[in-house]
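Read the structure below first, then the notes.
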Amino acid sequence: QKKPAETTPMIFGKPFRGTPVPMREVSLENDVGKVIVEGCVFAVDHRELRKSNAWVVSFDVTDYTGSLRVNRYLDAELAKPIIENIKKPGQWVKIFGKVTFSRLENDIVLEPIAIQAAQAPRREDTAPEKRVELHLHTTMSMMDALTKTGEAVATAARWGHQAIAVTDHGVASSFPDALKASKNK
């Protein structure tokens, strides 16, 4: 029986298949040169080279086991899909590329052969006995958290937690969001 084709959109290159390698395992010593990795873009630094009508596409990705710089010199027309689709941190991508050493970076880099959009893995609580979070700060605790109240309550509900304690500093402003999220579960 034939496997269905990949349905994730291609950003650059031709469709590819394979299992991603954890980034902590990517090195010049143990790789045959080409690997597939998957991760979250956390920095973008594309540079236009006007005199040569080219770009150096450059961005950093992590799978939380390690990080890699994705870097390649491309003619402007070839670079266009990468520049247009990889603009900001936070997006997940799957990359098939060649592992090389960059003297400019003084580190290993991944030269992309193909890039496709990917879905971020969804965290799950697989513990047989669920817990109750008793100390959670949200964006309502100024300069102390990045967690949105509704998202935290929805995640706790999805994980099967019976309760969650929002412990923001000196405010009760997050409680309307928490109530709204708890009613939508």
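The values are calculated or read from the model by the stated rules, or taken from the named source; none is laboratory data. Computed from a predicted model, the values in this text were never measured in an experiment. Using ideal geometry, Cβ is built from the backbone for each residue, glycine included, and neighbour counts are taken over all protein chains shown. These accessible areas exclude ligands, DNA and RNA; they are computed on the full protein's heavy atoms, side chains included. Shrake-Rupley method; radii C 1.70, N 1.55, O 1.52, S 1.80 Å.
Convert each backbone phi in the range 154-162 into a coupling constant with the Karplus relation 6.51 cos²θ - 1.76 cosθ + 1.60 (shift: θ = phi - 60°), then list the ³J(HN,Hα) values in order as whole Hz, x for Gly and Pro.
5, 5, 4, 5, 4, 7, x, 6, 7
Along each of its three principal axes, how wide is the spread of alpha-carbon positions in the chain, in whole angstrom units, largest first?
57, 48, 31
Which whole-Hz couplings ³J(HN,Hα) result when phi for each residue of the range 42-50 is put into the Karplus expression 6.51 cos²θ - 1.76 cosθ + 1.60, θ = phi - 60°, listed in order with x for Gly and Pro?
With the stated coefficients, the range 42-50 comes to 10, 7, 10, 8, 5, 10, 7, 10, 4 Hz.
Nearest 20 debye, what's the magnitude of the dipole of the chain about its Cα centre given +1 on Lys and Arg Cβ and -1 on Asp and Glu Cβ?
620 debye
Thinking of the range 19-68 as a set of Cα atoms, what percent of all their pairs are more than 12 Å apart? Mind showing how you got there, number by number?
Numbers: 831 of 1225 pairs.
So the portion of pairs separated by more than 12 Å is 68 percent.
Averaged per residue, what accessible surface does the chain expose to a 1.4 Å probe, in Å²?
Working: 12330 Å² over 185 residues.
Averaged over the residues of the chain, the accessible area is 67 Å².
With a 1.4 Å probe and all protein chains in place, put Arg103, Arg158 in order of accessible area, largest first.
Order by accessible area, largest first: Arg103, Arg158.
Could you compute how much accessible surface Ser182 exposes when probed at 1.4 Å, giving the result in Å² to the nearest 10?
Only protein atoms counted, so the area is about 50 Å².
Provide the per-residue ³J(HN,Hα) series for the range 92-97, in order, calculated from phi with Karplus coefficients 6.51, -1.76, 1.60 and θ = phi - 60°, each as a whole number of Hz, with x at glycine and proline positions.
Result, rounded to whole Hz: 9, 9, 10, 10, 9, x.
In whole percent, how big is the carbon plus sulfur part of the accessible area of the range 1-122, probe 1.4 Å, protein atoms only?
Solvent-exposed carbon and sulfur of the range 1-122 make up 50 percent of the total.
Counting other C-beta atoms within 10 Å, and keeping those with at most 16, which DSSP coil GluC sites (Glu not before Pro) do you find in the range 114-185?
Those that pass, being in a loop and sparsely packed, are Glu124, Glu129.
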